[in-house]
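Working notes, structure below.
Each reported figure results from applying straightforward, stated rules to the coordinates on display, with no laboratory input. Everything numeric in this text was worked out from a predicted model, so none of it was measured. Note that each Cβ is placed from the backbone with ideal geometry, even for glycine, and that neighbours are counted across all protein chains shown.
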Amino acid sequence: MPRLLSLIVLAAAASLSAQTPVRPRPAPAPVAKPAPAPRPAPTPLPPLAPLARDWDFDFPDPLDFPDIDELHAEAMRSIDFDRLHGDAMEQGRRAAEKGRLKAELQIDNERWNIEEMRERAWDEAQRAMEFNWPARGALAPIAPLAPLPSTPRAAWMPGDQADTVYRRARELLNSGEYRRAAAAFREVLSRTPNSAYAADALYWQAFALYRIGGTAELRSAVTLLDEQRAKYPGARMQAETEALTVRIRGALASRGDAGAAALIRTAAADSMLRCDREEQSVRVEALSALARSDAQGAVPLLQKTLARKDACSIPLRRTAVFLLGSISRDGSAVTTMTQVARTDPSFEVRASAIEWLARSPGDDALGTLEELARDTSERIQRTAVRALVAHPAPRARTLVRGIVERSETPERLRLEALSAFDRERTTADDVTWMRALYSRTENPRIRSRLVGTLSNVGGPEVDQWLLSLARDQDTDSDTRRGALRRVGRTLAITELAKLYDASAERPIRESVIETLGQRTEAEATDKLLEIVKSGTDPQLRSRAISALTSKKDPRALRLLMEIIDK
């Protein structure tokens, strides 16, 4: 019976198609008309096909459906585009102004963060170099040494008689078989002294002996390098030869070789070297080697080096600051470093001396730092303020707090002083002072930097304070979001949920959603699901859906499917 009914319906449809001509659809009324065009009266249905004439089917007339074009035209007439355009322009203007202010603040903060990271990197590098200096008397290098080439260049003269031997010697050296490599390079010279590989073979034979490191091998290496200079004055590796010679003589001097020590002293004191990077690196190595072999005897030469003011000796003076600061901590060293910090024409050299004064506990060093905090150079001011924060004397803390609290102090200097506080340098008294300063100041950048500094310091007391800021409805959204980023990593999910429900600002709720998306607890997924299901702000619901995509919870997938199927 159902199959028969289907056949009857199909037959009726075929009859309609065959007997009824296609009526043209009335054109939609012009938009300007106040009312739609009258619709023609419905046309009676034609008789059904013979097979279906005993059944009464009521087929709807297509013209009974609303005219979509007319509905669209009527809807367009009802929209006040001028008002919508004006509202959109005003909202856009407000958003742009708000975005501009936030961008300016963010750019300023990022600029200072980059500068702070640069300064901290410099400070950490200096600490690392000092840490590598043994306390027994400076026998390890702290000054940066020019790297020596450790791999011979590939064979370049395939027709040369020594080409095969040079290739084998190069392979031996690269594999660390130094004694066999030295013998192979010696074979290049003994068989073909006029080979194109001869000059390089002398250098790499000496290098292999230097790597072996015995006293006899070191002396033989020096002899080979002297021979290379004498026989091949135009050799390609002249700078490398000088640098290797200085290193070898430095090693011999540290083992008590008086002749090598004298030659090192002469090289370090030689002022006739041109302002050339390679030659200056040789001189830096000579100065470092002298300090390793005779630490106390090097002090007068280091002080003489620091008295120079020319641009060519800047790398040498920076090395001298590191060396003198590691060798000596007496009054003469403080006097020398104070003079350098005040008068050296190079900022890098002055900054190195200021960092050394930060670790000197005497009042003389502290007075110098206080003076430099008022220097005409902003970079020197900031370096001095950071040094005051690092200084161990209690009076240094008082000076720093005065700099930050004085409203006439340049804002950049105040921000720099606050950035200098880190987890290691910040005490409980510092935390109390910063919290009190936050409540007293109205400067938004100072308040933001205080929140950032305390966030880096951390601790239960600080976290509770930051949580109170995040909950405070009277605190600006940016500060609350900064506080929330810190405490949101460890705050209980129930507290985060309460914070979301209690907040009336979208930025705060967005931060909570972002934090919930990063948390792995099932309760975080529960709250996100709740926001998607029952939230009234479509943007926040969309953000919650985005946060759910990172979850592995099958409930999140089911909810997303339900939303799509609605």
TODO: Assuming a ≥ b ≥ c are the square roots of the Cα gyration tensor eigenvalues, decide whether the range 492-566 counts as rounded (a/c under 1.5), prolate (otherwise, with a/b larger than b/c) or oblate.
DONE: oblate
Task: Neighbour-count order for 564, 531, fewest beta carbons within 10 angstrom listed first - done: 564, 531
Open item on the list: Taking θ = phi - 60°, what integer Hz values does the Karplus form 6.51 cos²θ - 1.76 cosθ + 1.60 yield along the range 369-375, in sequence order, with x for Gly and Pro?
Closed with: 5, 4, 5, 5, 5, 10, 5
- [ ] Output ³J(HN,Hα) for the range 316-333: one whole-Hz value per residue in order, computed from phi by the Karplus curve 6.51 cos²θ - 1.76 cosθ + 1.60 with θ = phi - 60°, and x for Gly and Pro.
- [x] 5, 5, 4, 4, 5, 4, 4, 5, 5, x, 8, 7, 10, 10, 7, x, 5, 5
TODO: Quote to one decimal, in nm, the extra length available between residue 521 and residue 552 on full extension: 0.36 nm per residue of separation minus the C-alpha distance between them.
DONE: 10.0 nm
Open item on the list: Using a Förster radius of 22 Å, what is the FRET efficiency between residue 235 and residue 153 based on their Cβ-Cβ separation? Nearest 0.05, please.
Closed with: 0.95
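Computed from the mean reciprocal separation of all distinct C-alpha pairs, what Kirkwood hydrodynamic radius does the range 299-388 have, in Å?
Values: mean 1/r = 0.0788 Å⁻¹.
It works out to 12.7 Å.
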Task: Two-site FRET efficiency, residue 464 against residue 560, from Cβ-Cβ distance with R₀ of 30 Å, rounded to 0.05 - done: 0.20
Open item on the list: Taking 0.36 nm per residue of sequence separation and subtracting the Cα-Cα distance, how much length would be gained by fully extending the chain between residue 348 and residue 223, in nm to one decimal?
Closed with: 41.2 nm
Task: Note, ³J(HN,Hα) from phi for the range 500-509, Karplus 6.51, -1.76, 1.60, rounded to Hz, x at Gly and Pro - done: 5, 5, 7, 7, 10, 9, 4, x, 5, 5
